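Below: the structure, in structure tokens.
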Amino acid sequence: MGEASILDRLSALDTSTVSDALDFLHLKGATYGLRPLWDCPKIVGRASTVKVGHKTDSASTAHPFTPVIDAITTDDRVLVISSGLEGVSCWGDIISNASKAKGIRGTVIDGMCRDINGSHDIGYPVYGRDVTMISGRSRLVQVSAGAPVQMRGVTVREGDYVIADICGTVFIPAERIKEVLDLGERIEPRESLMVQDVRAGKPVSEVMHDAKFQAIHAETMSVAAAVTASHSKQNIKSASAEDQELVKLFAGLDAPAVSDALDKLGIPGQALGIMPLTNYKKVTIGPAFTVRYVPASDPPGSVGDFIDDVAAGDVVVIDNGGRTDCTVWGDIMTQYAGLRGIAGTVIDGVCRDVNLAINEEYPLFSAGRWMRTGKDRVQVGGVNEAVGVGKVHVKPRDIVVADVNGVVVVPREKVHEVAEIARKIEASETAIRQMTSNGATIAEARKALGYHTLQRRV
């Protein structure tokens, strides 16, 4: 599907329909408060992102946005500006004229605009929070361009799609645009038919009955599920029968039980300092797909293409040498891993864009979180080779067990033995809890079931 076709299809929809499509796909993109600042036309295009900030010195700098405007060479761009200051303008009529001359389609500002009549006179669309007369000169400076920005709680990346009309502004992740368009084009006709029914004289109580909306919802959800399933199943490797059998051995066990079994066998498998991103309720179990990162070369190599080779049910185990100065996992990887049925990710290093992982309950275990990208700082040095994570030696296809307590790694050749001992330990601890519930003292229960020797090395 060509770029012109995508923009034409998006232009045929409105923000309400696109917002509904995003809702069905569980995607964030609709914003509140970014409205047209004059009676301007709809904007449809691709984001060129800019972040501004408070100017803290008296040094002479280029006007914010001018380098970005000068660099634009296509006619599909919408300037998306974040972090404007309350009451201070970060856009005016001179910069509108410059943008119009470059063929930019419009500007969306999470901030204020002034000289709005000048934008109106040349027909240049500006969307934002409000208008003001206070200049941003000497108050604002450009902080970044082309990097992800936050627009009213929505993360917008360079090249994402933008649609803005009288109802407000919506952003669509570039990699999901086809799904959003497919759903939007199914939703819009149904809503139009309801309007026609009302205009034709049908009672509004009948047209807007809950059953009508439930039918639209059911149909659209069915399409959304089919679209998502189709997308997520493309070229996905299936888990092998052997891997599935080994994973089943740990069903019902948790990381502490497996840790005790490892101790009893004298196997070092507890990943030190690798902790869950949030308080996950489920236990993540899967074979390790190992990845080793190294410092970036010149020119830099790949940072994440390995994920296309990961099988459904695998746990991605990344050795970044414990580096906390740059990340190797963000929300694009989280989203793609979820679509492909990957069980989770373990990182000897840090991750970023954690809101998506938390909201989607994608299991992510790391040494911490930080926002600095690993692009041009690190690159993949190898996959499916032995790595180190949290001082644990991990070989490809070892079994990972991770939960709210942390991460343990079981050598593949020891899986049956570890699982058997873990079940015995778990059964003993369950019996101790039952005895104390029935009136026994904890000392009595522990003595009767040999609690103090449960994990002692054989």
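The values are calculated or read from the model by the stated rules, or taken from the named source; none is laboratory data. Everything quoted here is computed from the prediction, not taken from an experiment. With ideal geometry, Cβ positions are generated from the backbone for all residues, glycine too; neighbour counts draw on all protein chains shown. Heavy atoms of the whole protein, side chains included, go into the accessibility calculation; ligands, DNA and RNA do not. Shrake-Rupley method; radii C 1.70, N 1.55, O 1.52, S 1.80 Å.
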> When all protein chains stay in place, what accessible area (Å², nearest 10, 1.4 Å probe) is found for Glu444?
Replying inline: 110
>> Out of the total accessible area of the chain (probe 1.4 Å, heavy atoms of protein only), what percent is carbon and sulfur?
In response: 52
>> How long are the semi-axes of the equivalent ellipsoid of the chain, defined as square roots of 5 times the Cα gyration tensor eigenvalues? Whole Å, largest first.
In response: 50, 29, 20
>> Tell me the net charge near Arg423. Cut-off is 14 Å between Cβ atoms, Arg423 excluded, with +1 for each Lys or Arg and -1 for each Asp or Glu.
In response: -3
> At a probe size of 1.4 Å, how large is the accessible area of Ile166, to the nearest 10 Å²?
Replying inline: 140
> Roughly speaking, what is the centre-to-centre gap between region 139-187 and region 1-49 when only Cα atoms are used, to the nearest Å?
Replying inline: 7
> Tally Lys/Arg at +1 and Asp/Glu at -1 over every other residue whose Cβ is under 15 Å from the Cβ of Pro276; what's the total?
Replying inline: -2
>> To check you understand DSSP bridge types, tell me what percent of the beta bridges within region 234-389 (both residues inside) are antiparallel, rounded to 5.
In response: 30
> Tyr280 accessible area, nearest 10 Å², 1.4 Å probe?
Replying inline: 30
> Of Ile236, Ile332, Ile347, which has the most accessible area with a 1.4 Å probe, and how do the rest follow in descending order?
Replying inline: Ile332, Ile236, Ile347
> Rounded to the nearest 500 deg cm²/dmol, what is the calculated helix-only ellipticity per residue at 222 nm for the chain, with -39500 (n - 2.57) per DSSP H run of length n ≥ 4?
Replying inline: -10500 deg cm²/dmol
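Roughly how big is the chain's charge dipole about its Cα centre, with Cβ charges of +1 (Lys, Arg) and -1 (Asp, Glu), in debye to the nearest 20?
980
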>> Rounded to the nearest 5, what % of DSSP beta bridges with both residues in region 309-450 are antiparallel?
In response: 40
>> For a bin width of 10 Å, list the pair-distance distribution of region 241-417 built from all Cα-Cα distances, rounded to whole %.
In response: 11, 43, 36, 10, 1
> Plugging the Kirkwood radius over Cα pairs into Stokes-Einstein for region 88-142, at a temperature of 37 °C and a viscosity of 0.692 mPa s, what D comes out in µm²/s?
Replying inline: 295
> Considering the dipole of the chain built from charges on the beta carbon (Lys and Arg +1, Asp and Glu -1) around the Cα centre, which of His416, Thr66, Val354 is farthest to its positive end?
Replying inline: His416
>> Could you report the chain's accessible area per residue, 1.4 Å probe, as an integer in Å²?
In response: 48
> Where Lys and Arg each count +1 and Asp and Glu each count -1, what net charge lies around Ile104 among other residues with Cβ under 10 Å from its Cβ?
Replying inline: +2
> If you count the DSSP beta bridges with both ends in the chain, what percent of them are antiparallel, to the nearest 5?
Replying inline: 55
>> Checking the cross-link filter: which lysines have an alpha carbon closer than 27 Å to that of Lys447, excluding same-chain neighbours under 8 positions apart?
In response: Lys264, Lys424
